[in-house]
1. Over the range 72-115, what is the relative contact order in percent, taking alpha-carbon pairs closer than 8 angstrom and at least six residues apart?
2. Among Gly8, Leu85, Ile28, which residue has its Cα positioned farthest towards the positive end of the charge dipole of the range 8-91, with +1 placed on the Cβ of Lys and Arg, -1 on the Cβ of Asp and Glu, and the dipole taken about the Cα centre?
3. For a protection proxy built on the mean count of beta-carbon atoms within 10 angstrom, sort 39-46, 58-65 highest first, please.
4. Leaving ligands, DNA and RNA out of it, report the carbon-plus-sulfur percent of the accessible area of the chain at a 1.4 Å probe.
5. Suppose every K and R has +1 on its Cβ and every D and E has -1 on its Cβ; what is the size of the dipole of the chain about the Cα centre, in Debye to the nearest 20?
6. Per residue, how many Å² of accessible area does the chain show with a 1.4 Å probe?
7. Defining a contact as two alpha carbons under 8 Å apart and six or more residues distant in sequence, what relative contact order in percent does the chain show?
8. Return the inverse of the average 1/r over all pairs of distinct C-alpha atoms in the chain, which is the Kirkwood hydrodynamic radius, in Å to one decimal.
Amino acid sequence: QVQFVESGGGLVQPGGSLRVSCTTSRSIGPFASRAWYRQAPGKQRELVARITTSGTTYYAESVKGRFTISTETAKNVYFLQMNSLDVEDTAVYYCNTFPLGRSSWGQGTQVTVSS
């Protein structure tokens, strides 16, 4: 199993930016995408963005144009750059594969957007 460690969350004002990072214990291989998910209080966990090994990206409609997923594959690290943040983006952000496999979820990183 691959272990995922998220970092970089914090408190940011509406309209601000934040970059969260994901470090994996090893390569997740060529057949799964690297993905970011989030879970807001009282809501189900949702897919936010993913990137394939060839670099094709997918974004949820709610974040399209504001968030960017990128990777440093050689270092088993990938990122989610979040711009124009809104209070609705407040959530715990998790990284994992897409589709989900056998790997457990990490602890996530809290992103709070508030004035």
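The values are calculated or read from the model by the stated rules, or taken from the named source; none is laboratory data. Computed from a predicted model, the values in this text were never measured in an experiment. So basically every Cβ, Gly included, is an ideal-geometry build from the backbone, and we count neighbours across all protein chains shown. Accessible surface areas use protein heavy atoms only, side chains included; no ligands, DNA or RNA. Shrake-Rupley method; radii C 1.70, N 1.55, O 1.52, S 1.80 Å.
1. Numbers: 35 pairs, mean separation 18.0, N = 44.
For the range 72-115, the relative contact order is 41 percent.
2. Going by the charge dipole, the pick is Ile28.
3. Numbers: 39-46: 10.6, 58-65: 13.8.
So the peptides 39-46, 58-65, ranked by packing, come out 58-65, 39-46.
4. Details: 3010 of 6260 Å².
The computed percentage sits at 48.
5. On the way: 11 positive and 7 negative charges, 65 e Å.
Its charge dipole is roughly 320 debye.
6. Details: 6260 Å² over 115 residues.
Heavy-atom accessible area per residue stands at 54 Å².
7. Numbers: 274 pairs, mean separation 44.7, N = 115.
With pairs under 8 Å counted, the relative contact order is 39 percent.
8. Details: mean 1/r = 0.0715 Å⁻¹.
In the chain this quantity evaluates to 14.0 Å.
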